[in-house]
Amino acid sequence: MDREHGVLKKEGFVANAVRGRQVGILFVAVLLVMLIAVPWILSSYWSRVLTTVLMMAILAQAWNLITGFVGYPAFGNVAFFGVGAYTVGVISTRSELPYVLSLLAAGVISALVCAVVGSPLMRVRGHYFAIGTIGLAAAFREGTYLIPQLTTSASGTIVLPSFATGFLSIQATAYYWMLGTLLFVIAAAVFVDKSRFGYGLKAIRADETVASTFGVPTFRYKLTAWMVSAAFSGIAGGIWATWIGVIDPANSYNLALAVSYSVIALVGGLGTVLGPLIGAALIGVVGEVVWSQYSTLHLLVMGVIIMITSIALPDGVMGLWSRRQEKERALLPVKYREKTRELEGQGAMSPGGDVDA
Amino acid sequence: MTQFLINVLMLGGIYGIVAAGFSLVYGVMNILNVAHGAFVMFGAYVTFSIVSEFGLDPLLTLPIAAGALFLFAFLVQRYVLHILSGASIFMVFIFTFGLDMALQNSAVLIWSPIYRSVPSPYRGNVFAIGENYVPVGSLIVFVSAWLLAGLLFYLLKRTRLGLAIQATALDSESAKLAGVDVRFIYAMTFAIAAALAGAAGSLLAIVVPVYPFMGTLLIGKAFATAVLGGLGSVPGALIAGLLLALGEVSASMLLGAQFAQVVAYVLLVVVLVVRPRGLFGREYFAEVHV
């Protein structure tokens, strides 16, 4: 009797999970179709807004890989965004390489730069690491001014050729490149979330010393995670460079961008796959509304919104969800006992009998 | 040569007191205050406003700028930032970023984004030491900055408040047991650091133009200086300020002015890699867990 109850309960649970997964897949498929259709239905204004949202989602998810999963606050990841932008800038003004290859080069070079400068920096943690990465971005910015060979015109500026085809406008092309890259970075995040590699990273986040004691190759793991993060930031930078057409050190290594992607990931919830995506959608839309309503107050209002969010949502939107789950889980034993009493009252269970759930 | 020395000592003094406040806040509260540069900017604007409205001597506005920032920072810490105590370092960091954005852009609204210079009686005045001419403005800034540094030292080492601040930095739980009102000390530390920043802004306004985003450049320098001296170490910050100024002034003399800006950031990354605790920081400071 009691065994039957447990089995039934389990089957119901499995059925619920399967239904939940089907709904999820359906939702993702519909969302994807809608996203693909955007340049064809929405005005170019909104398609531009959404391209920015996609770019911020890529950057926030890439940042999440190193900051959320490994716990290394790489605030200055925008350094690799700039490296990617300049890679694509230099390649597309000097050669006839297909665009995909120059984007790949942007990713590879960003990852390599990350390996070179990142391996010594990874020795420090916490605030020191955060400051170090910010210093890195600033050093790259100021350093770019000192290499005149890189640029096509004065003071570090590169003017890029357009990637518009007869079929798609610049705007739509940039949109699809961003969307494609976002799918890849989400795939990377899902992999990190579920794989052995990802568990290693989370172990490093929890306690690096203990993780290495348990055989996690901490240095290789965290550097790999950061290189992947840098590669995606670099690719996003490359697409962005061609999209806006003119890059200079100030807009490529822009710390305001670093603030944006960190805020997005934090508002959504760090260390989760969905968090940065939710954050990008929320901040993107809120930012746009604020901008269109109060264009002069825009940054002031955004600053205040950032302050309020950091106080009101310390674990992000995903934190609200996990907090509710935790509360429910904490109530499980109570619910279990209540259910048992209820069944006992009906005489359905033998007194003292236990259910294996 | 005298000009070189005066420049180094003046810049070094400014970097030193800005970074000392920044470092003090980190040491006591474990907060990296990105808005510290905006505090400097507000100090500069207080001086600018008073001097251009009432024609006061810029030096006399220094206590007003420092006092205004003191009050503002005390209230911010006591009633807003305090809510975030115990939150992750990300959140506090992001909060100060938001504060920085809000302050800079309110300055744009109040004073408009154009460069302004304070009508100063010292501008253009020089006096001769032997064969060299020394600008009076730079000399005043340099002397005042080092006087302020001395004042901070006196406060930290010789007063009850200073001892309480040091005790809180060392171990806030034990400080509480010894009867220190830790919440009050947090607010006071934040306010003292902001007052120093405001004073530094007031001094800067005498020698450089004032604009809403002047803090961004300074906060980068403050990061570099504070890390070089050892985060949390006040004497370290003052000495590192001198070293950074020495590096920048030499770089701009030997290599060209555009190299001066790179020095701070390269120095920052190198120090973090080679000696993360800086010149005078204690080792465990680098072991802050996230």
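Restricting the first member to segment B:1-14 and to residues that are outside any helix (DSSP H, G or I), and the second to residues that are surrounded by fewer than 22 Cβ atoms within 10 Å (Cβ to Cβ), the beta-carbon pairs closer than 8 Å and six or more apart or on different chains are B:Met1/B:Asn132. Please indicate, with yes or no, whether at least one residue in segment B:158-178 is of a type in the set (D, E, K, R) and surrounded by 19 or more Cβ atoms within 10 Å (Cβ to Cβ). Within segment B:158-178, not a single residue is of a type in the set (D, E, K, R) and surrounded by 19 or more Cβ atoms within 10 Å (Cβ to Cβ).
Note on segment A:108-150: among residues that are at the interface with another protein chain (Cβ under 8 Å from one of its Cβ atoms), of a type in the set (A, V, I, L, M) and part of a helix (DSSP H, G or I), the one that is surrounded by the fewest Cβ atoms within 10 Å (Cβ to Cβ) is A:Val117.
Listed here are the residues, each with its yes/no results for (1) under 30 Å from A:Gly269 (Cβ atoms); (2) within 14 Å of chain A (Cβ to nearest Cβ).
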| position | (1), (2) |
| --- | --- |
| B:Ala66 | no, no |
| B:Phe74 | no, no |
| B:His82 | yes, yes |
| B:Gly86 | yes, yes |
| B:Phe93 | yes, yes |
| B:Gly98 | yes, yes |
| B:Met101 | yes, yes |
| B:Val108 | no, yes |
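Filter segment B:147-182 down to the residues that are without any contact (Cβ under 8 Å) to a residue 12 or more places away in the chain, more than 22 Å from B:Gly13 (Cβ to Cβ), assigned to a helix (DSSP H, G or I) and among the small types (Gly, Ala, Ser) and list them by number. Scanning segment B:147-182 gives B:Ser172, B:Ser174, B:Ala175.
Based on this model, can you work out whether B:Leu279 counts as touching a Lys or Arg at 6+ places or on another chain (Cβ under 8 Å), over 15 Å from B:Tyr26 (Cβ atoms) and at pLDDT 80 or above? Judged against the criteria, B:Leu279 is not a match.
Across segment A:155-165, not a single residue is classified as at pLDDT below 85, within 24 Å of the chain's Cα centre (by Cα) and aliphatic (A, V, I, L, M). Checking B:Gly247, B:Gly198, B:Gly229, B:Gly241 one by one, the residue that is within 14 Å of another protein chain (Cβ to nearest Cβ), of a type outside the set (A, V, I, L, M) and surrounded by 24 or more Cβ atoms within 10 Å (Cβ to Cβ) is B:Gly229 and no other.
The residue list A:Ala105, A:Ala57, A:Ala85, A:Ala62 contains one member that is surrounded by fewer than 24 Cβ atoms within 10 Å (Cβ to Cβ), of a type in the set (Gly, Ala, Ser), more than 14 Å from every other protein chain (Cβ to nearest Cβ) and in a helix (DSSP H, G or I), which is A:Ala105. For segment B:201-226, a residue qualifies if it is farther than 12 Å from B:Met41 by Cα and within 13 Å of chain A (Cβ to nearest Cβ), and the qualifying residues are B:Gly220, B:Lys221, B:Ala222, B:Phe223, B:Ala224, B:Thr225, B:Ala226.
The values are calculated or read from the model by the stated rules, or taken from the named source; none is laboratory data. Since this is a predicted model, take the numbers as computed values, not measurements. Ideal geometry is used to build each Cβ from the backbone, glycine not excepted, and the neighbour counts take in all protein chains shown.
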